[in-house]
Amino acid sequence: MRESFHTVAGCPVSLALVSDLHEKPFEKALASLEKNRPALICIPGDFLYGRLPKKDVKVREAGVLPFLEACAALAPCFVSLGNHEWMLTPEDFSLLKETGARILDNAFALVTPGDARLVLGGLSSARVSEYRRLRSEGLDWEEANALTRDLSPETPPRLEWLDAYCREDGYHILLCHHPEYYPRWLREREIELILSGHAHGGQVRLFGRGLYAPGQGLFPKLTSGVTDGRLVISRGLSNRQIVPRVFNPTEIIYIHGS
């Protein structure tokens, strides 16, 4: 695992971007956080690995609760939902809340560390929203899962709350698991910093570019680093694809203002 450091103009706090843990061992990531001591820890989704409800595996058995507890003990910790969090139940949310991490599920919170006024938002994956919608319409989990497993990249997440979010006075930080949402739905909004993952760095990196990313296909443009000075994309902390990571180490990102 590598530590990457990025400077984003105007960012008033130091923060860590920790994405795509996917229930993997977290000791190296935690050691890095303890060493660098960011003011905020931001986890933009896929801390789980999409367990099927029929297996009756809850968040407690996934092994991520100790990691979230440790993060929340180090610094204020904010979490949004990626496509692998599609199956979460009310019981799971209660367990997550008990860790001390703040779950931002198409919602935002005001945070005031020092003299800064931060508006932290979490844009949940479209798969999360679509799965819930289908269940509310009476479909069972198998039908809803089948219909949302391979959503079109054109399927929008819930966006209506972003207007109120953007109107709030302060420095806006949005946790958005999918970097491919940025050109479609976020580029024109007044959001100073957007934190993403999902692309796993493109799995195989050649000549500084990723080979494939979900939602973007072959030779994706948004897999790593900083775009437009405000979209920061983590390569993530694990690999859950059949294709191995090549020339593409896992990473945790630290962001500071200039």
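Each value in this text was obtained by applying a stated rule to the coordinates, not by laboratory testing. All values reported here derive from a predicted model rather than from experimental measurement. Every residue, glycine as well, gets a Cβ built from its backbone with ideal geometry; the counts of neighbours run over all protein chains shown.
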### Task
Find the all-direction average of the projected area of the Cα convex hull for the range 50-175, expressing the result in square nanometres with one decimal place.
8.6 nm²
### Query
How large is the convex hull of the Cα atoms of the range 120-162 per residue, expressed in Å³ as a whole number?
80 Å³
### Summary
Taking the alpha-carbon centre of each part, the distance from the range 145-164 to the range 72-95 in Å is 18 Å
### Cysteines not pairable in the chain (beta carbon separation under 4.7 Å absent)
CYS11, CYS42, CYS166, CYS176
### Message
Pick from GLU98, GLU192, GLU160 the residue whose mean-square fluctuation is largest in a GNM of the chain, springs joining Cα atoms under 10 Å.
### Response
GLU160
### Query
Given Cα pairs under 8 Å that are at least 6 residues apart, what percent is the relative contact order of the chain?
26 percent
### Message
Under 30 Å between alpha carbons: how many lysine pairs meet that in the range 2-257, if sequence neighbours fewer than 8 apart on the same chain are excluded?
### Response
14
### Task
Work from the charge dipole of the range 2-257 (Cβ charges, +1 for Lys and Arg, -1 for Asp and Glu, about the Cα centre) and give the residue of LEU151, GLY225, GLY210 farthest towards its positive end.
GLY210
### Message
From the mean inverse distance of alpha carbon pairs (Kirkwood) and the Cα radius of gyration, derive Rg over Rh for the range 134-258.
### Response
1.01
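Output the Kirkwood hydrodynamic radius of the range 181-239, Cα pairs only, in Å rounded to one decimal.
Averaging 1/r across every pair of different Cα atoms and inverting gives 11.7 Å.
Given 37 °C and 0.692 mPa s, how large is the Stokes-Einstein diffusion coefficient of the chain in µm²/s, with Rh as the Kirkwood radius over Cα pairs?
Values: Rh = 18.3 Å.
It comes out at roughly 180 µm²/s.
Which length gain, in nm to one decimal place, applies between TRP141 and ALA116 when the Cα-Cα distance is subtracted from 0.36 nm times their residue separation? Let's see the in-between values first.
Details: separation 25, 0.36 × 25 = 9.00 nm, distance 4.28 nm.
Answer, rounded to one decimal: 4.7 nm.
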### Query
In the range 58-172, with Lys and Arg counted as +1 and Asp and Glu as -1 at Cβ, which of these residues, SER136, ALA73, VAL59, has the Cα nearest the positive end of the dipole, that is, farthest along it?
ALA73
### Task
Find how many whole Å separate the alpha carbon centroid of the range 1-30 from the alpha carbon centroid of the range 171-245.
14 Å
